[in-house]
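K.L.:
To start, I am sharing the structure in question, which I have written as structure tokens.
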Amino acid sequence: MKNNNNDNNNNNNSNKNKTKGKIEFYKRIPLETIPNTFYAIFRNKRRSMAMLSGIVLSVTLLSGIFLYNAELKQNNYDGIVENYPYEVRFDIIGNETYSELSKLSNNISADSRVTDTTIMASEYSNLRNNWLDTYLIPKATDEIEEYMEVDPIFVDDDYFTGPIGETLLSMDFKGETDLTGQYVIISEQFMNHYGFKIGDTIHSINFTQNIYNDEVNQMNFGFLPNLTIRGSYKAILYEEFTMDIVGGSPVDGQKIYLSLDRLNDENMTEFNEGLHATGNFYVAVKIDVTQFNVGDPTTFNDELNQFINQITRDYDLDIQGFNMIEGPIMGFQFFSIFITILYVVLAIPVILLSLYLLNFGLEMSLEERRRLIAIKKVQGASSKQIFSELQKETVLLLIVGSVIGYLLGIIAAWSISSISGFMEIEFTATNRFLDFFRFDLWAFILPVGLVSLILIIVTYKKGKTFIDQEVTEGVSRREVKKEKFFKRNKLDVVLFVASLSGLVLVIIDLLKIQVQISGFTRFMIFLFMPFIFWIGGSSVGSRVVKWIPLKLEAIFLRLPVFRDVKNVIKSGLKRRGDIERLAVIIIMTLSIASLATIQGNTEETQAQRNIQWQIGADWQINFVDEGDFHETINNISGFEDSLAINQMYLRTLSFYMQLTAIENFKELDNMKNGTPIAMWQPDTFNTYTPQNALQALYDNSNGIFVSQDSLFVLDAKVGDVIDLRIPISESSTGETIKLEDIKILGIVNQLPGGTMFSAFISQKLFLEIQALSLQLDANTYENNTLNGTQYLVRTDKEAAITTEEIDQIQLTLNTEIDGVSSHRSYYEELEDINTTKEGYGITGLLSLNFIISLVAVLVSAFSFSAILMERRKHEFAILRSIGAKKSHIYKMALGENSLMMLTASIWGIFIGVGISYLFNGVFIFINMIVGGQISLNRTVVIPGLELVIISAVTFIGMMLATLLSVKSAANQDLSLATKVV
Amino acid sequence: MENALTHTENVLQIKDLEKKFNEGKRNEVYVLKGIDFQMKPGDFFALMGPSGCGKSTLLNIVGGLLESTKGTVEIKNKRLGDMDDNDLTEMRSKNIGWVFQSFGLIDNLTALENIIIPLNLAGIYDKEAETRANELLKLVGLEDRYDHFPDGLSGGQQQRVAIARALANDPVILFADEPTGNLDTSTGLEIIALFKELSNMGKSILMVTHDVSLAHASDQVFILRNGKVKKEVEEITSI
């Protein structure tokens, strides 16, 4: 018993000690000091604001990017899940009779996790050693070009009655779903391609099943004639705010839906038996995603696989289930990692900027306390006590700043998702805001963690220095400013000069000088040099903003307006100090704002140029066959004139060139009249303007413009003469006629219409080659019209064309003109890119960079101007006591700052332009990855007026900040301010 | 000589001057209680009193840096209370010279440039301003230090530059608030000797100081106690 009592006592003591320990721990948290700390924060608004703004900006930016990225990923991931009509399919090994499939289907339907099942048949996979070749023949013709490969899906009668079929019905479905008859459902894109409409009849579909294994090579054929289009759906291409990674789903553009009954048609017996023999029938299963952990792709995949195995285990027969969305989800996960990395790269400058602001804010905050710290030390406060006050203020500001920052981050993320172009924000989707308005643990923890880490490092490093300073130094507010290691050793100049090598490369590229630099080296230069240039350039900027005003001082101070205060301004220009650091922040922020503006405009221009190049004119019409369609096209209401493009392959040496001709004589005349049909780009030709290039072809019909790649392959250079080998069309042995003295006039980079080519030749040469090939007299052909498969069209209204007029023309092309295989309207697609929200948010991120930079400029200007002016109150008071009016004080401060700020504004733009050119390589890379068009050079667009406006706004903002800060200094109590040292 | 006054005219005339801080509040402080005081050209007076008695407040009011609660202050027969901010600035620029304990020189400007500042502010520029500044440097015995920056001057020299700056626009009166507070005794005595010289030249000087020996170098010592100013002799008698 005694022992027990002892044990109990020991336990009690141990528990008491634990409780005591806990109480001691809580006691150590200075809760009672929180009101005082809040009071200190409110009393010292300036320094609190300086630090708070750094915290808020950093957290906003980082949280915003995390939230946006998370939502983008979630949205696309949801897209994958939603756009797959069924997630799982089951196959009965060795026995795929309809009755067995029905039994399996009913069995699976009984599972509470399943919402729908249906029986289907289609190409299974190459794993089964068979594949389908299915060709749709739209019209009764033997022309092989008219065939189109399709993926047939045979569905049960109940397909459209359950959730599986609803996916297709939700895709802008038109027509009827009943397939019991000679009916098909095809995609709208398919219909447009062939000019079909619902109710039209497709000539036939040829089915071939190829079975291949070690022992047997077999082909099973099927044929379905006269199929009526029952319905259409709009296949997934690009969706708003969605990446194009859903290709290959059961609802993509290649699918053609038919009834399972069609397999019983008389011409389908062999094919049907083949499908059964190789196991191409299956039960499609749609699950109830709410019963799965769908939020996490990996877990969702695992749960789906578990579900498949549970069904397989519980069924009597040998069945095999397949997870249909595993592949896309894995692909998506890889893609999303890549996109995240890209976002971070894009956001690095602004992240660094906000961290710099944070650091600077804390430093200014410490500076403000220099005297207070010294006085407290005189009064006997220990360094620990003083430091703890600083800590408490920092922690409170961090908490408040993190909450504000996260909330602003939500708005920032929502804003990016609402951007359709650089700084074009349309806040229409309020429901999307609700998507973002949630607590994302990682989007909060990571930014706040990073900011806290920086704060801890800076607070300890800088705080210790301040607190340990000499008391006299603190009281007198005089400090011996030691230049930072970076500047002392002129590392900023070294970095800046080193980064200029990147700019030299840019200039070499702009001047089109051929230098052998590997793609990897080039990419590394373009990836790292912008950062080095930015940091080095901004730091060098602090030297420039001191140097230039001093050089201009003599002229500047001669201005009559500064006559009465010129000595004070002179003094200010010499002094600078902290204001140089403000200049660094201004240069850093302004350069990022410039980068965002330039690259934002470049991105938009590039997107526009891309469709200008792809479509080539107001309208592009492609025909199935080559022919003279000028009259047909020109007769369409709304069309004004057209230009034919034609292509042929010809051999020179051992290289086959794809020669492209356009009606260059006609277009040259159009150009001279200022009405070209094609949308020529300034960089279509190297060293030639488009008009000069066409003129050169006119003057020298044996001239040829060759692509850069072809020139390299042919080991030729501009000015060289080559021979072309023209095949004799009737020769069965491949005989050719040699066409000599074809002169390479220059280099062509792209051609309107998005055609692939090796060389661009004149219409005359093209016709001559055609005549020679047919062994006809070339002279008789030279005045012929150029036929084409592609036509570029100028409309009579150009940009003024209305949506209704576009629709009308499209209808005419679809229904009234024979032989049109496809057509594109430039203004329709332009409208699309101008209104569609960006899936990848590059312009969104650039817009965020722009906004954050401008906010940072203004916050820095206001916070730090206020602090700097506060420090000069004594000086201003002395000046007032010796006869300076308030207007003199304003004039002094503005005069001192204006030259510096003006220099900083101009230098900031210069650095921004430099980074934009350097960063262009990275953007080219980004566009390559996200599937953008890279055939066009990404020409940097410098929006001069916008840059001047940004520079002016920054300058005015800084002057305004100075003015407001000086106001309190000018209106201060002179009797007090003259005394304070 | 705009600032010339007849010897009998008052340069500074204070009548019934009162100053309260935080008037009407619980923490109201009644610092000056009806002060009457006059100075004539060439007077060099020292004002003494215990800490917190209101010496600097009085100086700030008469020097146009602080408003009084009641009473009038006239410099050269012009009432400060009737002036707006610009007029007050004009008064400080043309008629008043301020000398502070901390000198108040601008670090990045030479001695000469520091003196030129008030001249420029008063509309005197270029050669004229430079000549005048050089004359003043000569007057304070620092003509060879014209191109020195404050950091390169001793405390006494800095205060001499500050006095030269105060004299730039030929004021009728100088207000000096603890001008020797940051200096050692011998340097302090040199500054007082300079004030004496200036007083002989006709400048009126009102100096606040704690240093009895320096105060007695002035023409007359006044004591501020309980909000009232008395001549030192009267004060001693009353005690």
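K.L.:
Considering only helices (runs of 4 or more DSSP H) fully contained in region A:771-878, which possess at least 1 residues that are touching a Pro at 6+ places or on another chain (Cβ under 9 Å) and crowded, with 22+ Cβ neighbours inside 10 Å?
P.N.:
On the way: elements: A:778-781, A:803-815, A:826-835, A:842-871.
The helices (runs of 4 or more DSSP H) meeting that bar are A:842-871.
K.L.:
Which pairs do you get when a residue that is within 13 Å of chain A (Cβ to nearest Cβ) and under 22 Å from residue A:884 (Cβ atoms), found in region B:119-145, comes within reach of a residue that is among the hydroxyl-bearing types (Ser, Thr, Tyr) and assigned to a helix (DSSP H, G or I), reach meaning Cβ atoms under 7 angstrom, with the pair 6+ apart or on two chains?
P.N.:
Hits for this filter: B:121/B:93; B:122/B:93.
K.L.:
Next question. So is residue B:93 at the interface with chain A (Cβ under 7 Å from one of its Cβ atoms) and surrounded by fewer than 21 Cβ atoms within 10 Å (Cβ to Cβ) or not? If you could, list the steps in order and put the result at the bottom.
P.N.:
Details: at the interface with chain A (Cβ under 7 Å from one of its Cβ atoms): yes; surrounded by fewer than 21 Cβ atoms within 10 Å (Cβ to Cβ): no.
Against the criterion (at the interface with chain A (Cβ under 7 Å from one of its Cβ atoms) and surrounded by fewer than 21 Cβ atoms within 10 Å (Cβ to Cβ)), residue B:93 does not qualify.
K.L.:
Oh, and also: Could we say that residue A:569 is assigned to a helix (DSSP H, G or I), within 14 Å of another protein chain (Cβ to nearest Cβ) and not charged (D, E, K, R) here?
P.N.:
On the way: assigned to a helix (DSSP H, G or I): yes; within 14 Å of another protein chain (Cβ to nearest Cβ): yes; not charged (D, E, K, R): yes.
Here the answer is yes, as residue A:569 does meet what is asked.
K.L.:
Hey, does region A:498-520 have a residue that's small (Gly, Ala, Ser) and over 21 Å from residue A:923 (Cβ atoms)?
P.N.:
Of the residues in region A:498-520, the ones small (Gly, Ala, Ser) are A:498-499, A:501-502, A:518-519.
Next, only the ones that are over 21 Å from residue A:923 (Cβ atoms) stay: A:498.
Yes, there is a match, as at least one residue in region A:498-520 is small (Gly, Ala, Ser) and over 21 Å from residue A:923 (Cβ atoms).
K.L.:
Please find, among B:61, B:116, the residue that is at the interface with another protein chain (Cβ under 9 Å from one of its Cβ atoms) and more than 18 Å from the chain's Cα centre (by Cα). If you could, list the steps in order and put the result at the bottom.
P.N.:
Values: B:61 fails: more than 18 Å from the chain's Cα centre (by Cα).
Testing whether each residue is at the interface with another protein chain (Cβ under 9 Å from one of its Cβ atoms) and more than 18 Å from the chain's Cα centre (by Cα) leaves just B:116.
K.L.:
Checking the condition surrounded by fewer than 22 Cβ atoms within 10 Å (Cβ to Cβ) and under 43 Å from the mean Cα position of the chain (by Cα), which residue from A:720, A:699, A:741 passes? Spell out the reasoning first.
P.N.:
Numbers: A:699 fails: under 43 Å from the mean Cα position of the chain (by Cα); A:741 fails: under 43 Å from the mean Cα position of the chain (by Cα).
It is A:720.
K.L.:
Is it the case that region A:779-800 has a residue that's at pLDDT below 75 and hydroxyl-bearing (Ser, Thr, Tyr)? So that I can check it myself, show each step before the final result.
P.N.:
Of region A:779-800, the ones at pLDDT below 75 are A:779-783.
Then keep just the ones that are hydroxyl-bearing (Ser, Thr, Tyr); that gives A:780-781.
Looking through region A:779-800, at least one residue is at pLDDT below 75 and hydroxyl-bearing (Ser, Thr, Tyr).
K.L.:
Tell me, which helices (runs of 4 or more DSSP H) wholly within region A:408-522 include 3 or more residues that are at pLDDT 80 or above and surrounded by 13 or more Cβ atoms within 10 Å (Cβ to Cβ)?
P.N.:
Values: elements: A:430-436, A:441-467, A:471-475, A:485-488, A:491-510.
The helices (runs of 4 or more DSSP H) meeting that bar are A:441-467, A:491-510.
K.L.:
Another question, if that's okay. Of B:123, B:71, B:81, B:64, which residue is at pLDDT below 95 and open to solvent by less than 20 Å² (accessible area, probe 1.4 Å)?
P.N.:
On the way: B:123 fails: open to solvent by less than 20 Å² (accessible area, probe 1.4 Å); B:71 fails: open to solvent by less than 20 Å² (accessible area, probe 1.4 Å); B:81 fails: open to solvent by less than 20 Å² (accessible area, probe 1.4 Å).
Going through B:123, B:71, B:81, B:64 in turn, the sole match is B:64.
K.L.:
Any residue at all in region A:919-938 that's within 14 Å of chain B (Cβ to nearest Cβ), at pLDDT below 90, in a helix (DSSP H, G or I) and open to solvent by less than 20 Å² (accessible area, probe 1.4 Å)?
P.N.:
Let us first name the residues in region A:919-938 that are within 14 Å of chain B (Cβ to nearest Cβ), namely none.
Taking every residue of region A:919-938 in turn, none turns out to be within 14 Å of chain B (Cβ to nearest Cβ), at pLDDT below 90, in a helix (DSSP H, G or I) and open to solvent by less than 20 Å² (accessible area, probe 1.4 Å).
K.L.:
Go through (1) under 37 Å from the mean Cα position of the chain (by Cα); (2) closer than 30 Å to residue A:729 by Cα for residue A:666 and report which single condition fails.
P.N.:
Answer for residue A:666: the failing condition is (1).
K.L.:
I need the full set of residues from region B:109-140 which are in contact with a helix residue (DSSP H, G or I) (Cβ under 6 Å, 6 or more places away or on another chain), in a helix (DSSP H, G or I) and of a type in the set (A, V, I, L, M), in order please.
P.N.:
Those that are in contact with a helix residue (DSSP H, G or I) (Cβ under 6 Å, 6 or more places away or on another chain), in a helix (DSSP H, G or I) and of a type in the set (A, V, I, L, M): B:111, B:112, B:115, B:116, B:117, B:119, B:121, B:129, B:133, B:136, B:137.
K.L.:
Another question, then. Does residue A:592 satisfy being assigned to a helix (DSSP H, G or I), over 30 Å from residue A:813 (Cβ atoms), away from every other protein chain (no Cβ under 14 Å) and open to solvent by less than 20 Å² (accessible area, probe 1.4 Å)? Talk me through it step by step, then tell me what you get.
P.N.:
Numbers: assigned to a helix (DSSP H, G or I): yes; over 30 Å from residue A:813 (Cβ atoms): yes; away from every other protein chain (no Cβ under 14 Å): yes; open to solvent by less than 20 Å² (accessible area, probe 1.4 Å): yes.
Yes; evaluated as a whole, the condition is true for this residue.
K.L.:
For residue B:169, are the conditions met, namely being more than 12 Å from chain A (Cβ to nearest Cβ) and open to solvent by 10 Å² or more (accessible area, probe 1.4 Å)? Before the answer, list the steps.
P.N.:
Details: more than 12 Å from chain A (Cβ to nearest Cβ): no; open to solvent by 10 Å² or more (accessible area, probe 1.4 Å): yes.
Answer is no for this residue.
K.L.:
Is at least one residue of region A:832-844 among the hydroxyl-bearing types (Ser, Thr, Tyr) and modelled with pLDDT of 75 or more? Don't jump to the end; show me each part of the working.
P.N.:
If we filter region A:832-844 for residues that are among the hydroxyl-bearing types (Ser, Thr, Tyr), which is where we start, we get A:835-836, A:840, A:843.
Subsequent filtering for residues that are modelled with pLDDT of 75 or more retains none.
No - not one qualifying residue is present in region A:832-844.
K.L.:
Next up: (1) within 14 Å of chain B (Cβ to nearest Cβ); (2) surrounded by fewer than 22 Cβ atoms within 10 Å (Cβ to Cβ); (3) of a type in the set (Asp, Glu): which one isn't true of residue A:564, the others all being true?
P.N.:
For residue A:564, the failing item is (2).
K.L.:
Looking only at region B:65-82, which residues are in a strand (DSSP E or B) and among the β-branched types (Val, Ile, Thr)? Steps first, answer last, please.
P.N.:
Restricting attention to region B:65-82, the residues satisfying the condition of being in a strand (DSSP E or B) are B:70-75, B:78-79.
Within region B:65-82, B:72, B:73, B:75 qualify.
K.L.:
What's the number of the only condition in (1) modelled with pLDDT under 85; (2) touching a Lys or Arg at 6+ places or on another chain (Cβ under 8 Å); (3) more than 14 Å from every other protein chain (Cβ to nearest Cβ) that residue A:618 fails to meet?
P.N.:
(1) is the only condition that residue A:618 fails.
K.L.:
Quickly run through region A:623-646 and pick out the residues that are in a strand (DSSP E or B), in contact with a Phe, Trp or Tyr (Cβ under 7 Å, 6 or more places away or on another chain) and open to solvent by 30 Å² or more (accessible area, probe 1.4 Å).
P.N.:
Once the filter is applied, which keeps residues that are in a strand (DSSP E or B), in contact with a Phe, Trp or Tyr (Cβ under 7 Å, 6 or more places away or on another chain) and open to solvent by 30 Å² or more (accessible area, probe 1.4 Å), region A:623-646 yields nothing.
K.L.:
Restricting the search to region A:951-981, which residues are of a type in the set (A, V, I, L, M, F, W, C) and within 14 Å of chain B (Cβ to nearest Cβ)?
P.N.:
Step one: filter region A:951-981 for residues of a type in the set (A, V, I, L, M, F, W, C), giving A:952-953, A:955-956, A:958-961, A:963-964, A:966, A:969-970, A:974, A:976-977, A:980-981.
Hits for region A:951-981 are A:970, A:974, A:976, A:977, A:980, A:981.
K.L.:
Return the residues of region B:1-22 that are at pLDDT 85 or above and either under 10 Å from residue B:71 (Cα atoms) or open to solvent by 80 Å² or more (accessible area, probe 1.4 Å) (or both); say none if nothing qualifies.
P.N.:
Going residue by residue through region B:1-22, those that are at pLDDT 85 or above are B:10-22.
Those that are at pLDDT 85 or above and either under 10 Å from residue B:71 (Cα atoms) or open to solvent by 80 Å² or more (accessible area, probe 1.4 Å) (or both): B:14, B:15, B:16, B:17, B:18, B:19.
K.L.:
So, of the residues in region B:101-113 that are within 8 Å of chain A (Cβ to nearest Cβ) and out of contact with any strand residue (DSSP E or B) (no Cβ under 9 Å at 6 or more places or on another chain), which turns out to be surrounded by the most Cβ atoms within 10 Å (Cβ to Cβ)?
P.N.:
Going through the qualifying residues, I end up with B:113.
K.L.:
(1) open to solvent by less than 10 Å² (accessible area, probe 1.4 Å); (2) away from chain B (no Cβ under 14 Å); (3) of a type in the set (A, V, I, L, M, F, W, C): which one isn't true of residue A:907, the others all being true?
P.N.:
Failed condition: (1).
The values are calculated or read from the model by the stated rules, or taken from the named source; none is laboratory data. These numbers come from a predicted model, not from an experiment. No Cβ is skipped: glycine too gets one built from the backbone with ideal geometry, and neighbour counts run over all protein chains shown. Please note that ligands, DNA and RNA were not included when accessible areas were found on the heavy atoms of the full protein model with its side chains. Shrake-Rupley method; radii C 1.70, N 1.55, O 1.52, S 1.80 Å.
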